[in-house]
Amino acid sequence: MANYRLTIQYDGTRYGGWQKQPGEKTPSIEGKIEDVLARMEPDMGYPVHVIASGRTDAGVHARAQTASVHLETRRTPEQIRACLNAYLPEDIGVTDVRPADERFHARLSAVRKTYVYRVAVDPAAHVFDRKYMTPLSELAARLNLPADAPWSEAALRQTAALLCGTHDYGAFVTRRTKKSTVRTVEHIDVTVTPDEIRLAFTGNGFLYNMVRILVGTLFEAAYGVRKPASVTACFDRPERALSGFTAPAKGLTLWNVEYPAN
């Protein structure tokens, strides 16, 4: 049985996230891929289990999700890829399949991930990207502000800098966990154009809903609902009530996953 590394992209709009759920009524990305692989080799005699680098939430997209899976097959990696793409729905695509070292584990081997959150300043200018961006007016509405409320790019950038580093990000998660909530956010890149605000988060790992809560916190500061310096209290007291709102899922895309060179 060989280990394979898959690179996958998907539009998460109609899915309940990456992970399968018992008796799921909304399809999952994981379930769709495992179903095709199981049908590809029906006589394998063991369940197919695909492991992702991270479990994206319902409605979140991926440009380059990484997964690992053990298979017993005579098919070449390219034939596996062709079979997956022939039977997967059109909003899931496998861009690469390659043999991997037996010790390779898509989640445990990952050293760095980048998520991108896109905000449309004027939704009408993004007809073809509307499923992958959150209108700025929708973020303002979450704060009970008018659609044309002024916001500060300087405050956005200042807050982004303060949210980086190695900290306890327990205040930025909506699901309690017994595991450590200490993470390293290497940088949050802010790009502002007349049409779009783009936030790129790079770090060694992200908690459940963490990026979306970071986005909500950033825009609370940008709109003046909180002072940028207030975010440091979230690291001293990891309480969910101290951080910002959870931004909509559709603006978030898992952009890239990095692994050691060897």
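Residue-level check: of (1) more than 19 Å from VAL121 (Cα to Cα); (2) out of contact with any strand residue (DSSP E or B) (no Cβ under 7 Å at 6 or more places or on another chain), GLU220 misses just (1).
Here is a yes/no grid of residues against (1) small (Gly, Ala, Ser); (2) under 16 Å from VAL231 (Cα atoms):
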{"position": "ALA120", "(1), (2)": "yes, no"}
{"position": "LYS131", "(1), (2)": "no, no"}
{"position": "ASN144", "(1), (2)": "no, no"}
{"position": "ALA155", "(1), (2)": "yes, yes"}
{"position": "GLN158", "(1), (2)": "no, yes"}
{"position": "ARG176", "(1), (2)": "no, no"}
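Let's see how each residue does on (1) outside the structural domain of LEU37 (by TED's automatic domain parsing); (2) on the phi > 0 side of the Ramachandran plot; (3) touching a strand residue (DSSP E or B) at 6+ places or on another chain (Cβ under 8 Å):
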position: ASN85; (1), (2), (3): no, no, yes
position: PRO89; (1), (2), (3): no, no, no
position: VAL94; (1), (2), (3): no, no, yes
position: VAL116; (1), (2), (3): yes, no, yes
position: PRO123; (1), (2), (3): yes, no, yes
position: ASP129; (1), (2), (3): yes, no, yes
position: LEU139; (1), (2), (3): yes, no, yes
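Quick grid of which residues meet (1) farther than 28 Å from THR191 by Cα; (2) within 23 Å of the chain's Cα centre (by Cα):
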position	(1), (2)
TYR46	yes, no
VAL50	yes, yes
ARG63	no, yes
ALA86	yes, no
ALA124	no, no
ARG130	no, yes
LEU139	no, yes
ASP148	no, no
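In this entry, LEU84 passes the filter for residues that are within 28 Å of GLY251 (Cα to Cα), in a helix (DSSP H, G or I) and among the aliphatic types (A, V, I, L, M).
Annotation: of all residues in region 59-79 being β-branched (Val, Ile, Thr) and surrounded by 17 or more Cβ atoms within 10 Å (Cβ to Cβ), the one that is farthest from ALA106 (Cα to Cα) is VAL60. When region 245-262 is limited to residues that are under 18 Å from ILE51 (Cα atoms) and aromatic (Phe, Trp, Tyr), the one that is surrounded by the most Cβ atoms within 10 Å (Cβ to Cβ) turns out to be TRP255. Scanning region 85-109 for residues that are within 19 Å of GLY17 (Cβ to Cβ) and crowded, with 18+ Cβ neighbours inside 10 Å turns up LEU88, ILE92, VAL94, ALA106. Total residues in region 223-244 satisfying the condition of being under 20 Å from CYS164 (Cβ atoms), among the charged types (D, E, K, R) and loosely packed, with under 14 Cβ neighbours inside 10 Å: the figure is 3. Among the residues of region 35-55, the ones that are modelled with pLDDT under 95 and either out of contact with any helix residue (DSSP H, G or I) (no Cβ under 9 Å at 6 or more places or on another chain) or within 26 Å of THR246 (Cα to Cα) (or both) come to 8 in all. For THR66, are the conditions met, namely being outside any loop (DSSP other than H, G, I, E, B), of a type in the set (Ser, Thr, Tyr), more than 23 Å from VAL211 (Cα to Cα) and in the same structural domain as ARG14 (by TED's automatic domain parsing)? Answer is no for this residue.
Restricted to region 154-222, the set of strands (runs of 3 or more DSSP E) holding at least 3 residues that are in contact with an Asp or Glu (Cβ under 7 Å, 6 or more places away or on another chain) and more than 16 Å from GLU239 (Cβ to Cβ) comprises 196-203.
One residue stands out in region 38-58 among those that are small (Gly, Ala, Ser) and not in a helix (DSSP H, G or I): the one that is surrounded by the most Cβ atoms within 10 Å (Cβ to Cβ), namely SER53.
The values are calculated or read from the model by the stated rules, or taken from the named source; none is laboratory data. Keep in mind the model is a prediction, meaning the values are calculated, not measured. Every residue, glycine as well, gets a Cβ built from its backbone with ideal geometry; the counts of neighbours run over all protein chains shown.
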